[in-house]
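Some notes on the structure that comes next.
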Amino acid sequence: MDSIIVTGGGPLSGTIPIAGAKNACLTLMPATLLSDEPLTLTNAPRLSDIRTMSQLLGSLGAEVSSLSDGLVLAMSSHDLNGERADYDIVRKMRASILVLGPLLARQGRAVVSLPGGCAIGARPVDLHLKALEAMGAELELRDGYVHAKAPSGGLHGGIVDFPFVSVGATENALMAATLARGTTVLKNAAQEPEIVDLVHCLQAMGAQISGEGTDTIEIQGVDRLHGATHRVVTDRIELGTYMLAPLVAGGEVTLGGGRRNLLDAFCTKIEEAGAEVTESDAGLTVKRANGPMQAVDVETQPFPGFPTDLQAQMMALLCTAQGTSVLEEKIFENRFMHAPELIRMGAEIDVHGGHATVTGVDKLKGAPVMATDLRASVSLILAGLAAQGETRVGRVYHLDRGYEHVVAKLRGVGANIERVKEDG
Ligand code: EPZ
């Protein structure tokens, strides 16, 4: 098992290239199940979750070839021969549930393991199932699996009115509706850039979709989809994570390929806290506007609100900002697991229910800490950049799920960071 050692220190400077989005790629890959023609993704991120999704698609009979050092994924579901997504793969990655809609739409049948619980919350999939039932699917939960059957003649269009916003349920319903007979309307749909990217890919495959990026998406089903090549959108969560690096450690960093419209609410919030964000052809450049960062209150919301996937990283920043901040986590019920680890580094944080009150301290102190989930792990690395001495972050396998080349990227802008093998 590896750890990452960060020694806090001086200002950062230079450019960090931002990869393609994990959360876009994980929904774009199952789209290959919708057609018997090849789908090629470029600008793909090189992450363990992407390899898990490749394994899952392979177990269903799809071919997934990783080319150009992993930046290109050439996929084909011409000889699909499976309908079962096994627990052994699904338990590693919840996004596996995103094969349910495409499989059902293409083959009329699917048996998909329920994902089970997660460190950050219960995360049920009831909205995914309700959406597919609105398209005529017959669903039975048995032995930890969803057994799904489409009516003869295939899924039909329907009205899906989500009681609250779900990214995954919107994606599953969207993909299923592309091959359903008639019109499907998704109300209170998610508006994330990853949803828009999925729609653009499906449109390139011949799908009839409108309203992406709004809360109402309309899909006219078609008989079949054809092949396409699609470039994965930039990873706005990786982008936001590294935008915080020069704010915690000082200096000025450019994020290659960054675009403000992917993260406007986040940019506005860090500007409120004292950041200067400049957009150019090179990307986004970030530094402290003048002097130390200031406390701000944050509330996570679905897009275009402040992303929950940047809450932990923002908490790391606020640990050394001047004043008291309140963070409210509105999306997941258990997403403050990083707080006790930051407290081990000398932070002053009080968690009560869905709120965390952070009182800024002058300096954090390096310590051995433990990653508990993907975003918590990188928040500890950010805190380490601001801390005195050495921070040792354990269980970094969490990090590998969503961040490629962290050590090389941060070292490239002057951070003192290394990855080490731990015994046992
Ligand atoms: C996606 O998860 C992302 N994952 C998450 O990123 C992200 O935090 C989340 O959207 C919110 O932005 C991927 O795209 C692979 P939801 P998803 O359905 O689709 C509840 C990361 O760090 N809910 O929008 O699972 C759910 O429990 C990950 O990269 C139901 O109750 O999120 C949560 O409280 C973590 N029933 C809320 O809705 C359902 O059927 C939002 O979940 C579905 C969701």
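The values are calculated or read from the model by the stated rules, or taken from the named source; none is laboratory data. In this text the structure is predicted, and so the values were computed from the model without any measurement. Using ideal geometry, Cβ is built from the backbone for each residue, glycine included, and neighbour counts are taken over all protein chains shown. What goes into the accessible areas is simple: the full protein's heavy atoms, side chains included, and nothing from ligands, DNA or RNA. Shrake-Rupley method; radii C 1.70, N 1.55, O 1.52, S 1.80 Å.
Selection of the stretch 362-403 for residues being among the charged types (D, E, K, R) and either crowded, with 24+ Cβ neighbours inside 10 Å or part of a helix (DSSP H, G or I) (or both) yields R375, D400. The set of residues in the stretch 50-97 being among the aliphatic types (A, V, I, L, M), touching a residue at least 12 places away in the same chain (Cβ under 8 Å) and within 28 Å of P17 (Cα to Cα) consists of I50, M53, V64, L71, V72, L73, A74, M75, M93, A95. Of the residues screened, V165 is one that is in contact (Cβ under 8 Å) with a residue 24 or more places away in the chain, in a loop (DSSP other than H, G, I, E, B) and assigned by the TED database to the domain that holds D223. For the stretch 233-250: of the residues being assigned to a loop (DSSP other than H, G, I, E, B) and hydrophobic (A, V, I, L, M, F, W, C), which is farthest from A44 (Cα to Cα)? Per the criteria, the residue is L244.
When we screen L60, L129 for residues that are within 30 Å of R335 (Cβ to Cβ) and modelled with pLDDT of 95 or more, the only hit is L129. Of all residues in the stretch 146-162, those that are outside any loop (DSSP other than H, G, I, E, B), within 16 Å of the ligand (Cβ to nearest atom) and farther than 21 Å from L225 by Cβ total 2.
Which condition number in (1) within 21 Å of the chain's Cα centre (by Cα); (2) more than 15 Å from the ligand (Cβ to nearest atom) is the one that R51 fails? Among (1) within 21 Å of the chain's Cα centre (by Cα); (2) more than 15 Å from the ligand (Cβ to nearest atom), R51 violates only (2). For the stretch 175-190, the tally of residues that are assigned to a helix (DSSP H, G or I) and within 12 Å of the ligand (Cβ to nearest atom) stands at 0. Candidates V358, V351: the one that is open to solvent by 20 Å² or more (accessible area, probe 1.4 Å), under 30 Å from E422 (Cβ atoms) and β-branched (V, I, T) is V351.
Looking at the stretch 329-354 only, could you name the residues that are over 19 Å from the mean Cα position of the chain (by Cα) and within 16 Å of the ligand (Cβ to nearest atom)? Residues satisfying the conditions are G353, G354. For the stretch 133-144, check the following and say yes or no: at least one residue is farther than 27 Å from S210 by Cβ, open to solvent by 40 Å² or more (accessible area, probe 1.4 Å) and among the basic types (K, R). Within the stretch 133-144 (the criterion being farther than 27 Å from S210 by Cβ, open to solvent by 40 Å² or more (accessible area, probe 1.4 Å) and among the basic types (K, R)), the answer is yes, since at least one residue qualifies.
Residue pairs whose Cβ atoms lie under 6 Å apart, sitting 6 or more positions apart in sequence or on different chains, and linking a residue in the stretch 307-319 that is in the same structural domain as A265 (by the TED database) and of a type outside the set (K, R) to a partner that is outside any loop (DSSP other than H, G, I, E, B) and within 11 Å of the ligand (Cβ to nearest atom), are T308/T300; D309/I237; D309/R375; Q311/T300; A312/R375; A312/A376; Q313/T241. Taken over the stretch 19-37, the criterion of being closer than 12 Å to L98 by Cα and among the hydroxyl-bearing types (S, T, Y) is satisfied by T27, T32.
The residues of the stretch 199-232 that are part of a helix (DSSP H, G or I) and open to solvent by 60 Å² or more (accessible area, probe 1.4 Å), listed by number, are H200, Q203.
Candidates are the residues of the stretch 290-325 that are more than 20 Å from the chain's Cα centre (by Cα) and open to solvent by 50 Å² or more (accessible area, probe 1.4 Å); the one that is farthest from A347 (Cα to Cα) is N290.
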